[in-house]
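The values are calculated or read from the model by the stated rules, or taken from the named source; none is laboratory data. It should be emphasised that the depicted structure is a prediction, and the values quoted were computed from it without experimental measurement. Cβ placement follows ideal geometry from the backbone for every residue including glycine, while neighbour counts extend to all protein chains displayed. Calculation scope for accessible area: heavy atoms of the full protein, side chains included, ligands and nucleic acids excluded. Shrake-Rupley method; radii C 1.70, N 1.55, O 1.52, S 1.80 Å.
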Amino acid sequence: VAFEDEAAAEAEAVALEGDSQVFSLEADLVRPHGLLPGRLYLSDSKLRFISSGEAPSRVAGAPACSEQVARDAALSWPLSSVAQMQRRRYLMVHTALELLDDDGDSILLNFRTKRSRTQVRSWIKRKCSLTYRDRDRSARTAFGKMLSELQEAWQRRELSNFDYLMKLNEMAGRSYNDLNQYPVLPWVLSDYASPTLNL
């Protein structure tokens with residue numbers, strides 16, 4: 001790997017500390033406050049994202065979140081903690097991947113190409129025992145079963161309306177990390193008699 005400067009070489013050394021690297025590639029960390037460019041490192045046991053040091057591109061109207069950006073500048077996730085993996089779109093292009101753990105934390109990574117996303121996805125599928133990993137061709141029956149079980153749990157009132165709608169949003173590819181694909185909820189009307197409604 002050729003480095004343009006010493007900072008990149010130092011970031012590489014930190015990323016590999018205590019673990020053997022399998023591969024690395026450029027990626028962007030997508031958060032509601034903006035996009036943080038950097039590099040993703042994958043090893044046998046960890047996934048690491050290290051910011052390139054560039055200023056994040058902010059979403060228009062979003063407040064500056066310097067504390068959040070500082071926390072996101074160097075993330076490390078043990079692959080054993082990844083419970084779900086879902087292909088996502090970023091700016092309507094199929095190049096993103098969202099990872100979720102059992103605690104509900106998630107990261108949304110956008111790659112330069114769909115092929116890069118596929119490489120990362122393949123590696124994680126081999127290294128993790130995922131409870132759910134989006135709609136693979138071989139997993140379509142599992143997706144249908146999961147959707148059916150979700151509907152039945154809601155009908156038995158084991159799930160609130162809100163929880164049911166949020167699970168449907170998640171299964172439809174919506175994410176808290178990308179404001180372009182933020183979860184949607186329907187308007188709930190309680191006044192059916194008035195000729196006009198004040199929404």
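Go through the stretch 70-91 and give me each residue that's over 13 Å from the mean Cα position of the chain (by Cα) and open to solvent by 40 Å² or more (accessible area, probe 1.4 Å).
70, 71, 74, 76, 78, 80, 91
Can you tell which of 22, 59 is at pLDDT below 60 and surrounded by fewer than 18 Cβ atoms within 10 Å (Cβ to Cβ)?
Testing whether each residue is at pLDDT below 60 and surrounded by fewer than 18 Cβ atoms within 10 Å (Cβ to Cβ) leaves just 59.
Quick one: in the stretch 92-112, which of the residues that are in contact (Cβ under 8 Å) with a residue 60 or more places away in the chain and open to solvent by 10 Å² or more (accessible area, probe 1.4 Å) is nearest to residue 78 (Cα to Cα)?
Ranking the qualifying residues of the stretch 92-112, first place goes to 106.
Name the pairs: first residue in the stretch 127-150 and within 16 Å of residue 172 (Cβ to Cβ), second residue part of a loop (DSSP other than H, G, I, E, B) and modelled with pLDDT of 75 or more, Cβ to Cβ under 9 Å, at least 6 apart or on different chains?
Note: pairs meeting the criteria are 134/173; 150/159.
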